[in-house]
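In what follows, a single structure is set out as structure tokens and then discussed.
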Amino acid sequence: MTTAHKKPSLLKRFWGIFGPGLITGASDDDPSGIATYTQAGAAFGSQLLWSAIVTYPLMVSVQEMCARIGLVTNHGLIGIIKKYYPKYLLYLILIISFPSITLNIGADIAGMGAVGNLLFPVIPAFSFSILFTALILYSVIFWSYHKIAVILKWLCISLVSYILIPFLIGVDWPHVLRDTFLPSFTPDKAYFLMLVGILGTTISPYLFFWQASMEVEERHEKKLMVDKKIIEEMEADVKGGMLFTNVVFYFIILAAGTVLFNAGIHNINTVEEAARALRPLAGDQAYLLFALGVIGTGFLAIPVLGGALSYMMAETFGWKEGLDKKYYEAPGFYLTMAISLVVGLLIHFIGISPIQALIYTAVLYGITAPVLIALILHICNSKKIMGRYTNKFWSNFFGIATFIMMTVSSLFLLWYTLGN
């Protein structure tokens with residue numbers, strides 16, 4: 001007698017659609033990103049909400065191209081650059097990426113530790129940072145790829161806390177909707193610098209490497225044969241993941257703009273400052289949701305940051321790689337991740353504050369992002385590399401638009417930084 005298999009529920013089937021795209025998108029809202037979005041809301045209220053809509057197609061275009069590269073070629077982005085482009089370009093990207101990603105990790109670990117200390121003041125912030133770092137390292141090294149992927153997907157739910165916060169406070173929705181769909185610009189250096197910060201936070205180079213490599217992992221895990229259906233599923237995953245991250249960053253700006261800006265608090269440098277400022281103005285619930293969201297996103301983003309760097313190093317030097325491998329099978333891959341997390345943890349002791357780390361990270365990302373986007377466009381238009389899965393019109397249109405915007409914003413950021 002055969003037993004009928006129970007058909008998965010609609011919710012399970014919906015959840016099953018999402019994979020690397022959701023994880024990549026959600027990890028973009030890391031603690032340092034939350035600090036950027038909070039500062040945007042505190043400084044300009046709801047005036048920059050429109051950026052969540054404008055950046056969405058730009059993010060989708062770049063991440064979809066990276067995902068397609070991984071699926072079609074069965075190599076990460078660095079692997080393709082190593083195979084088809086000059087070696088000096090490969091090493092230049094690596095030399096700039098290692099410190100930028102490590103600084104980003106350091107800023108995120110410090111933010112998690114500081115927020116942990118806010119919730120439990122008797123425990124020092126650095127103790128929380130050590131604990132969180134140890135937990136992340138243990139899980140990445142000793143758990144299987146499947147388990148890590150499932151946990152990362154569930155950690156994405158922690159970002160929902162930011163969507164809830166505005167509904168716990170009074171919001172002038174007509175004003176908010178006007179700023180969302182009818183952009184207004186302030187002819188002020190601080191406004192454009194904030195816009196550059198948002199672009200740099202949402203379109204971060206480490207996500208390009210992670211997305212491509214995760215698609216390779218997914219292809220191996222599920223033994224996928226690339227065809228039109230697989231490409232369409234990947235596109236849906238990327239679009240859904242990027243939509244999720246932009247909805248979250250929209251609501252972070254909205255919460256900060258409604259609470260902090262209206263209360264006259266226009267300068268927020270760190271996530272713990274944001275959480276502390278929210279408490280008396282928005283109540284304990286909003287404060288707790290904000291704080292827990294920072295810790296949850298840290299657990300989500302730091303493995304992505306460290307993983308991106310590990311994939312880059314492994315592909316550059318021909319090491320065994322992959323979260324599906326045991327430590328003894330890919331020691332260089334896991335040692336890279338361990339070193340990046342430990343160095344990130346120790347950044348505070350070499351005199352670099354989390355704010356300085358974010359500034360340095362933004363500058364280094366600003367240098368690499370336009371170069372990488374140009375390379376990604378070139379790869380995705382090469383029949384030699386991509387075969388019949390080269391770019392269509394809209395991929396090139398939004399990809400070129402992203403390249404132009406990131407180049408302009410990077411030049412502005414470099415001019416501002418060097419000029420000050």
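For the stretch 277-289, does any single residue satisfy the condition of being within 17 Å of L135 (Cβ to Cβ) and either touching a His at 6+ places or on another chain (Cβ under 8 Å) or not hydrophobic (A, V, I, L, M, F, W, C) (or both)? No, the stretch 277-289 contains no residue that is within 17 Å of L135 (Cβ to Cβ) and either touching a His at 6+ places or on another chain (Cβ under 8 Å) or not hydrophobic (A, V, I, L, M, F, W, C) (or both).
Before we move on, is P20 farther than 15 Å from F249 by Cα and either at pLDDT 75 or above or open to solvent by less than 10 Å² (accessible area, probe 1.4 Å) (or both)? In short, yes. Residues in the stretch 74-102 that are out of contact with any helix residue (DSSP H, G or I) (no Cβ under 7 Å at 6 or more places or on another chain) and part of a helix (DSSP H, G or I): K83, K87, Y88, Y91, L92, I95. Yes or no: the stretch 41-56 includes at least one residue that is more than 27 Å from F132 (Cα to Cα), assigned to a helix (DSSP H, G or I), more than 17 Å from the chain's Cα centre (by Cα) and modelled with pLDDT under 85. Looking for residues that are more than 27 Å from F132 (Cα to Cα), assigned to a helix (DSSP H, G or I), more than 17 Å from the chain's Cα centre (by Cα) and modelled with pLDDT under 85, one finds none in the stretch 41-56, hence no. Open to solvent by less than 40 Å² (accessible area, probe 1.4 Å) and more than 30 Å from Y138 (Cα to Cα): does that describe I379? Yes; evaluated as a whole, the condition is true for this residue.
Does any residue of the stretch 231-239 turn out to be modelled with pLDDT of 85 or more and within 27 Å of A362 (Cβ to Cβ)? Yes, some residue in the stretch 231-239 is modelled with pLDDT of 85 or more and within 27 Å of A362 (Cβ to Cβ). Criterion applied to F128, F132 was being touching a residue at least 24 places away in the same chain (Cβ under 8 Å) and either open to solvent by less than 50 Å² (accessible area, probe 1.4 Å) or in contact with a helix residue (DSSP H, G or I) (Cβ under 7 Å, 6 or more places away or on another chain) (or both), and the one residue passing it is F132. Restricting attention to the stretch 295-345, the residues that are within 22 Å of the chain's Cα centre (by Cα) and charged (D, E, K, R) add up to 3. Counting only helices (runs of 4 or more DSSP H) that sit completely within the stretch 168-275, those holding 3 or more residues that are open to solvent by 70 Å² or more (accessible area, probe 1.4 Å) correspond to 173-181, 205-222, 228-256. Restricting attention to the stretch 95-124 and to residues that are free of Cβ contacts under 8 Å to residues at least 24 places away in the same chain and either over 21 Å from the mean Cα position of the chain (by Cα) or over 28 Å from G200 (Cβ atoms) (or both), the residue that is surrounded by the fewest Cβ atoms within 10 Å (Cβ to Cβ) turns out to be V122.
Yes/no per residue for (1) of a type outside the set (S, T, N, Q); (2) out of contact with any Ser or Thr (no Cβ under 6 Å at 6 or more places or on another chain); (3) buried (at least 24 other Cβ atoms within 10 Å of the Cβ):
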{"residue": "R279", "(1), (2), (3)": "yes, yes, no"}
{"residue": "Q285", "(1), (2), (3)": "no, yes, no"}
{"residue": "F290", "(1), (2), (3)": "yes, yes, yes"}
{"residue": "G293", "(1), (2), (3)": "yes, no, yes"}
{"residue": "A308", "(1), (2), (3)": "yes, yes, yes"}
{"residue": "M313", "(1), (2), (3)": "yes, no, no"}
{"residue": "F317", "(1), (2), (3)": "yes, yes, no"}
{"residue": "L323", "(1), (2), (3)": "yes, yes, yes"}
{"residue": "Y327", "(1), (2), (3)": "yes, yes, no"}
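A search for C-beta distances below 7 Å between a residue of the stretch 317-328 that is without any contact (Cβ under 8 Å) to a residue 60 or more places away in the chain and any residue that is surrounded by fewer than 13 Cβ atoms within 10 Å (Cβ to Cβ), counting only pairs 6+ apart in sequence or on different chains, returns K320/E329. Note on the stretch 192-226: residues that are among the hydrophobic types (A, V, I, L, M, F, W, C), touching an Asp or Glu at 6+ places or on another chain (Cβ under 8 Å) and modelled with pLDDT under 85 amount to 1.
The values are calculated or read from the model by the stated rules, or taken from the named source; none is laboratory data. Nothing here was measured: the structure is a model prediction, and the numbers come from that model. Positions of Cβ are backbone-derived with ideal geometry, glycine not excepted, and every protein chain shown enters the neighbour counts. Surface areas here come from the heavy atoms of the whole protein model, side chains and all, with no ligands, DNA or RNA. Shrake-Rupley method; radii C 1.70, N 1.55, O 1.52, S 1.80 Å.
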